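J.: One structure, pasted below without further comment.
The values are calculated or read from the model by the stated rules, or taken from the named source; none is laboratory data. Bear in mind the structure is a predicted one, so any value in this text is a computation, not a measurement. Methodologically, a virtual Cβ is constructed for each residue, glycine included, from the backbone with ideal geometry; neighbour enumeration extends over all protein chains shown.
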Amino acid sequence: MPAYQFSVEVTPHYLPEQSAPEDGMYAFSYNVFIRNTGTMAAQVISRTWHINDANGLHEKVRGLGVVGHQPLLQPGESFEYTSGTRLRTPTGTMHGSYFCVAVDGEKFDVDIPMFVLDALSDSARHLH
């Protein structure tokens, strides 16, 4: 088992009550579940998101921590949070990465798999 490994699962949701389709504004939340699947404790230091709408608009968002936290996860521990984004189109995609530092000083990146934001379907679909 690798020492430096996190798994990430994302579940997106469309938020019609926070959206204004007539103004070209679609709001989404996404629930993120991060688990340390490695053998070494490590801390999530920062995040990078790539947000793409259906018109090809690309936004790159970087920031420290996740929802104001920099969780230190022991092997097997997990951290869950909900955040959100807005698109100008009813559909789009997001993917990204977390930058992590293990307790032994090793630095590593964790991929956040691409997921679909879709205001047109009742249940959000996943890309795998």
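J.: Residues of the range 81-98 being within 19 Å of S7 (Cα to Cα) and of a type in the set (A, V, I, L, M), which ones?
T.: M94
J.: Out of curiosity, is D104 among the acidic types (D, E) and more than 22 Å from H13 (Cβ to Cβ)? Let's see the steps before the verdict.
T.: On the way: among the acidic types (D, E): yes; more than 22 Å from H13 (Cβ to Cβ): yes.
Yes.
J.: Collect the residues in the range 60-82 that are farther than 13 Å from F33 by Cβ and in a strand (DSSP E or B), keeping them in residue-number order.
T.: Of everything in the range 60-82, those that are farther than 13 Å from F33 by Cβ and in a strand (DSSP E or B) turn out to be K60, V61, R62, G63, L64, H69, L72.
A quick yes/no check of all residues on (1) in contact (Cβ under 8 Å) with a residue 24 or more places away in the chain; (2) in a loop (DSSP other than H, G, I, E, B):
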position: E17; (1), (2): no, no
position: T39; (1), (2): yes, yes
position: W49; (1), (2): yes, no
position: G84; (1), (2): yes, no
position: F99; (1), (2): yes, no
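J.: So which residues in the range 52-79 are surrounded by 12 or more Cβ atoms within 10 Å (Cβ to Cβ) and charged (D, E, K, R), if there are any at all?
T.: Correct list: D53, E59, E77.
J.: May I pose another question? Could we say that V103 is under 14 Å from the mean Cα position of the chain (by Cα), modelled with pLDDT of 95 or more and not basic (K, R) here?
T.: Judged against the criteria, V103 is not a match.
J.: From G68, G92, grab the single residue that is of a type in the set (G, A, S) and either touching a Gly at 6+ places or on another chain (Cβ under 7 Å) or closer than 25 Å to P16 by Cβ (or both). Walk me through it before giving the result.
T.: On the way: G68 fails: either touching a Gly at 6+ places or on another chain (Cβ under 7 Å) or closer than 25 Å to P16 by Cβ (or both).
Going through G68, G92 in turn, just one is of a type in the set (G, A, S) and either touching a Gly at 6+ places or on another chain (Cβ under 7 Å) or closer than 25 Å to P16 by Cβ (or both): G92.
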